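Here is the structure we will look at, set down as structure tokens.
The values are calculated or read from the model by the stated rules, or taken from the named source; none is laboratory data. Fair warning: this is a prediction, and the values are worked out from it, not measured in the lab. Glycine also receives a Cβ, built like all others from the backbone with ideal geometry; neighbour counts cover every protein chain displayed.
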Amino acid sequence: MRISKITWVVVIGVVVAALAGVGVAVAVSKRSSSTDASSSASAPVTESVPSPAASPAPSPGADLTGPFDLLIAGVDTRVSVPDWEPHSDAIMLLHVDAGLKSAYLYSLPRDLRVQIPAYKKSGFPGGKRKITEAMAFGSRIPGKSTKNIPNGYELLTKTISNYTGIKTIQAGAILNFGGLDQLVDELGGIDMTIDQKVKSRHRTPDGKLRKLTGHDYIGPQAVYLPGKRHLTGWQAIDYARQRYGLPNGDYDRQRHQRQMVEAILDKALGQDLSDSAKLQTVITALGKSLVTFGGRQPIEYAYALRDLTPANITSVQLDGGGVGSGSGYLGEQLNSEARGFLTAVAKGTIPAYLKAHPKMVNKG
């Protein structure tokens with residue numbers, strides 16, 4: 001696998017599929033260093049009878065032909081808050097078609113009201129709640145204040161599978177979006193087309209955190225104006241975090257998060273990261289940002305996704321609206337068009353469905 005391919009797989013694996021990158025990069029690094037060491041080491045010379053050349057073993061992951069579904073959950077990091085529990089504030093799924101050369105990236109609203117199944121490991125009895133809470137309920141350890149993040153991820157995937165009809169989520173990751181700013185900075189920033197005016201709730205124009213008083217922030221705000229913009233790490237993450245004050249709230253934020261993912265992929269693919277030192281800084285930044293899950297080794301997905309490019313990833317918008325009881329807000333529900341898309345994902349009929357519903361595809 002060429003180093004440019006490794007770089008591409010590193011980024012798409014972590015940021016989208018959240019699997020391929022660190023594992024393959026470390027494996028390549030170890031392989032190259034161990035090969036150099038073994039070639040220079042002295043060893044006794046013995047005569048041997050030549051044997052027929054053995055067929056090369058297939059690359060790990062060569063048997064992965066798709067289709068499969070991968071999950072990335074962006075988790076808040078408010079560990080300083082008393083009784084903090086991890087919530088999946090961003091939920092993105094990547095459906096990769098058979099042949100592994102095309103894929104669809106879409107988001108589920110964080111406040112989507114779903115049936116979260118009972119989970120014995122944490123003592124959660126089950127109930128209809130916001131999907132962002134699934135990870136929190138699953139991560140609880142009865143009688144302890146510590147949290148079990150893998151269990152939280154497991155309950156989240158069970159909840160998503162039950163809601164969408166997707167039988168198996170093959171692999172995924174919990175990603176700290178706060179750590180992604182390091183990745184963006186290592187790439188030299190990213191270029192994005194801002195599609196609407198966005199005021200930051202969290203940052204001042206110079207990137208400092210705004211002062212929190214009670215339940216709101218005060219002070220000058222960073223503002224992102226429509227047009228083509230070059231964003232640094234903190235700006236990209238801050239822009240993608242905002243939902244308050246936007247016409248469509250979290251639905252606009254979901255779109256901006258997918259735009260950020262695509263911008264990161266485009267920037268990484270356009271860079272020459274053949275310099276091992278530069279590549280290592282990117283890997284290090286990625287490694288601080290995520291925890292990966294799945295039954296296969298990361299290097300297997302790295303190999304499987306080697307031909308998947310940003311141009312072949314279709315971003316899909318799932319819309320919905322709020323639901324409540326009386327004047328109380330209970331969460332979100334997807335509209336019939338969005339639910340139909342999820343059915344198409346489960347049935348493997350996405351191209352035909354999007355052809356009949358072209359407005360669901362995000363352009364640009």
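I want to confirm something. Restricting to the range 328-337 and keeping residues that are at negative phi and in contact with a strand residue (DSSP E or B) (Cβ under 8 Å, 6 or more places away or on another chain), which single residue is surrounded by the most Cβ atoms within 10 Å (Cβ to Cβ)? Only one residue tops the list, namely Glu332. Taking each residue of the range 53-76 that is on the phi < 0 side of the Ramachandran plot and looking for partners that are modelled with pLDDT of 75 or more and surrounded by fewer than 12 Cβ atoms within 10 Å (Cβ to Cβ) with beta-carbon atoms closer than 6 Å, six or more apart or interchain, yields Pro67/Ala98.
On inspection, Ile169 fails the criterion of being surrounded by 17 or more Cβ atoms within 10 Å (Cβ to Cβ), hydrophobic (A, V, I, L, M, F, W, C) and modelled with pLDDT of 95 or more. When the residues of the range 325-344 are narrowed to those that are hydroxyl-bearing (Ser, Thr, Tyr) and not in a helix (DSSP H, G or I), which ends up modelled with the lowest pLDDT? Per the criteria, the residue is Ser325.
Among the residues of the range 152-166, those identified as in contact (Cβ under 8 Å) with a residue 40 or more places away in the chain and buried (at least 24 other Cβ atoms within 10 Å of the Cβ) are Gly152, Tyr153, Leu156, Thr159, Ile160. Mind checking whether some residue in the range 184-198 is closer than 29 Å to Leu265 by Cβ and in contact with a Ser or Thr (Cβ under 6 Å, 6 or more places away or on another chain)? Yes, because at least one residue in the range 184-198 is closer than 29 Å to Leu265 by Cβ and in contact with a Ser or Thr (Cβ under 6 Å, 6 or more places away or on another chain). For the range 208-225, the criterion of a residue being surrounded by 17 or more Cβ atoms within 10 Å (Cβ to Cβ), in a strand (DSSP E or B) and in contact with a Leu (Cβ under 6 Å, 6 or more places away or on another chain) is satisfied by no position.
Listed by first and then second residue, the pairs with beta-carbon distance under 6 Å, at least 6 apart or on different chains, first residue in the range 107-126 and touching a residue at least 24 places away in the same chain (Cβ under 8 Å) and under 20 Å from Met92 (Cα atoms), second among the hydrophobic types (A, V, I, L, M, F, W, C) and buried (at least 20 other Cβ atoms within 10 Å of the Cβ), are Ser107/Met92; Leu108/Ile91; Leu112/Ile131; Val114/Ile131; Ile116/Ala134. Considering only residues in the range 172-193 that are in contact with a Gly (Cβ under 7 Å, 6 or more places away or on another chain) and in a helix (DSSP H, G or I), the one that is surrounded by the fewest Cβ atoms within 10 Å (Cβ to Cβ) turns out to be Asp185. Close Cβ contacts (under 9 Å, 6 or more residues apart or on different chains) running from residues in the range 202-215 that are under 14 Å from Gln235 (Cβ atoms) to residues that are in a loop (DSSP other than H, G, I, E, B) and among the hydroxyl-bearing types (Ser, Thr, Tyr) comprise Gly207/Thr232. If you go through the range 133-164 and keep only what is touching a helix residue (DSSP H, G or I) at 6+ places or on another chain (Cβ under 7 Å) and not in a helix (DSSP H, G or I), you end up with Lys147, Asn148. For the range 310-327, filtering for residues that are buried (at least 16 other Cβ atoms within 10 Å of the Cβ), polar (S, T, N, Q) and more than 13 Å from Val361 (Cα to Cα) leaves 0.
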